[in-house]
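This is the structure I want to talk about, given as structure tokens.
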Amino acid sequence: PDCGAVVLFVGRVRNNSGSRQDVQELSFEAYHPAAEEALERIGRAVLARWDEVKATAVLHREGKLAVGDVTVVVGCASPHRASAFAAVTWAMEAVKATVPVWKLERWSGGWGPACDARPICWPVDLVAWEP
């Protein structure tokens, strides 16, 4: 009841990636124990970094997803919007950089690594980590 701001980021499969304009679907694979722990660690780090944030959710799907399907959801609730927006932005960057989820794209020519794939890093202290 004390949170006037709820910010929600919803990532979806788009039909393009880098120079590819014909992405048809994505396939996400995860190492479950590490991915679940990483998502929980991000949520705990958000609460530790932003005293004002009262609740957070960080979720990532896996499997084959079609264009338009939801891939990732990050949400934060706080009394004011500034901290909720900052926390959601930071958490989404942490998901991309630290959660062991691998993405392949299917386009008209076949399957391959995603154009925006980043190397996974494992920051020791997420509370202090900066993207």
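Among the listed residues Ala57, Ala38, Ala34, Ala87, which satisfies the condition of being open to solvent by less than 60 Å² (accessible area, probe 1.4 Å), part of a strand (DSSP E or B) and closer than 24 Å to Trp129 by Cα?
On the way: Ala38 fails: part of a strand (DSSP E or B); Ala34 fails: part of a strand (DSSP E or B); Ala87 fails: part of a strand (DSSP E or B).
Exactly one residue qualifies, and that residue is Ala57.
Any chance region 68-78 includes a residue that's of a type in the set (Ser, Thr, Tyr) and not in a strand (DSSP E or B)?
Start the filter on region 68-78 by keeping residues that are of a type in the set (Ser, Thr, Tyr), which leaves 71, 78.
Add one more test, that the residue is not in a strand (DSSP E or B), and what stays is none.
The answer is no, given that none of the residues of region 68-78 is of a type in the set (Ser, Thr, Tyr) and not in a strand (DSSP E or B).
Report yes if some residue within region 61-76 is surrounded by 14 or more Cβ atoms within 10 Å (Cβ to Cβ), farther than 19 Å from Gly11 by Cβ, touching a residue at least 12 places away in the same chain (Cβ under 8 Å) and more than 12 Å from the chain's Cα centre (by Cα); otherwise report no.
No, that holds for no residue.
Turning to a different aspect of this structure: Please determine, by comparing only the residues of region 1-31 that are open to solvent by 40 Å² or more (accessible area, probe 1.4 Å) and of a type in the set (D, E, K, R), which one is farthest from Ala87 (Cα to Cα). Reasoning before the result, please.
Just the residues of region 1-31 that are open to solvent by 40 Å² or more (accessible area, probe 1.4 Å), to begin with: 1-4, 6, 8-10, 12, 14-16, 18-22, 24, 29, 31.
The next check asks that each one be of a type in the set (D, E, K, R); those that pass are 2, 12, 14, 20, 22, 29.
Values: Asp2: 17, Arg12: 20, Arg14: 24, Arg20: 31, Asp22: 33, Glu29: 26 Å.
Restricting to residues being open to solvent by 40 Å² or more (accessible area, probe 1.4 Å) and of a type in the set (D, E, K, R), the top hit is Asp22.
Yes or no, residue by residue, for (1) farther than 24 Å from Pro33 by Cα; (2) out of contact with any strand residue (DSSP E or B) (no Cβ under 6 Å at 6 or more places or on another chain); (3) modelled with pLDDT of 95 or more; (4) acidic (Asp, Glu):
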{"site": "Val58", "(1), (2), (3), (4)": "no, no, yes, no"}
{"site": "Ala77", "(1), (2), (3), (4)": "yes, no, yes, no"}
{"site": "Arg81", "(1), (2), (3), (4)": "yes, no, yes, no"}
{"site": "Trp90", "(1), (2), (3), (4)": "no, yes, yes, no"}
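Across region 92-131, which residue is modelled with the lowest pLDDT among those that are among the hydrophobic types (A, V, I, L, M, F, W, C) and assigned to a strand (DSSP E or B)? Before you say what the answer is, go through the steps one by one.
Just the residues of region 92-131 that are among the hydrophobic types (A, V, I, L, M, F, W, C), to begin with: 92, 94-95, 97, 99, 101-102, 104, 107, 111, 114-115, 117, 120-122, 124, 126-129.
Now restrict to residues that are assigned to a strand (DSSP E or B): 101-102, 104, 107, 111.
Details: Val101: 90, Trp102: 89, Leu104: 90, Trp107: 87, Trp111: 81.
Taking the candidates together, the pick is Trp111.
The values are calculated or read from the model by the stated rules, or taken from the named source; none is laboratory data. Note that the coordinates shown come from a computational prediction; the quantities given were computed from them, not determined experimentally. Reconstructed Cβ throughout: ideal geometry from the backbone, glycine too, with neighbour counts over all protein chains shown. Side chains included, ligands, DNA and RNA excluded: accessible areas come from the protein's heavy atoms. Shrake-Rupley method; radii C 1.70, N 1.55, O 1.52, S 1.80 Å.
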